[in-house]
Structures are given as structure tokens and as C-alpha cells.
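Single-structure report; data block below.
FYI, it's all coordinate maths here, none of it is from the lab. Just so you know, these numbers come straight off a predicted model, no measurement behind them. Neighbour counts are summed over all protein chains in view; Cβ atoms, including those assigned to glycine, are modelled from backbone coordinates with ideal geometry.
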Amino acid sequence: MTSITRVAIVGAGTMGRRIAFQCARTGMACSIYDLDAAALEAARAQIDTWLAAKLPAGAAAPALASVAFCADLGQCLHGAELVIENVPEQLEL
């Protein structure tokens, strides 16, 4: 049985950033994509805050570095073994 080593998350809202946080907290590499640059930046700041609160001193920065924040969907999906979609139920998205 093989284990998943890279996750792609489409959507940087509440659920997407929570999933990215859990991946980073447990040492799994992930990438997170959103159309909105402000949403990506908000996700980065929130994940950084959560990691700092949950991990020992000095462990938050390397954990955050395991998360790639992507404005390009292809870049986000590259190399992913699992893709999780977290966008509003709007067909055009």
C-alpha cells in the first residue's frame, strides 16, 4: 500500500485553508489554489497563525514552507496524488 505524499486543494476559503493547515501540521506537502489573490494571502496568514499556535517553537516556518500557494491551477495540480475541491457550488467555477 502506498501513502499519499502530495495533496492539491482547489479553493482557499474556510475549508480549503483548514485542509492545508492539517496537511502542513502533519508534514504532508500540499498546494492550494484560488482565483482570488487576496484569498490566497488570507489563507497563508491564517495557516501561519494556526501553525504557530499548534506546533513547537521553530516548527511552524518549515511546516508553512510545505504549502505552495498557487494562482495557477496547473501549478497547483502538478504532482498531486489527491485533489480536494472546495469551491462554491457555482458551475462557472
Seminar exercise, completed: Of the residues in the stretch 19-34 that are surrounded by 13 or more Cβ atoms within 10 Å (Cβ to Cβ) and either among the polar types (S, T, N, Q) or in contact with a Leu (Cβ under 8 Å, 6 or more places away or on another chain) (or both), the one that is nearest to Gln90 (Cα to Cα) is Asp34
Exercise. If a residue has to be buried (at least 19 other Cβ atoms within 10 Å of the Cβ) and within 24 Å of Pro56 (Cα to Cα) to count, how many in the stretch 1-18 make the cut?
Worked result: 3
Exercise. If we scan the stretch 57-66, do we find a residue that is out of contact with any His (no Cβ under 8 Å at 6 or more places or on another chain), surrounded by fewer than 17 Cβ atoms within 10 Å (Cβ to Cβ) and touching a residue at least 24 places away in the same chain (Cβ under 8 Å)?
Worked result: no
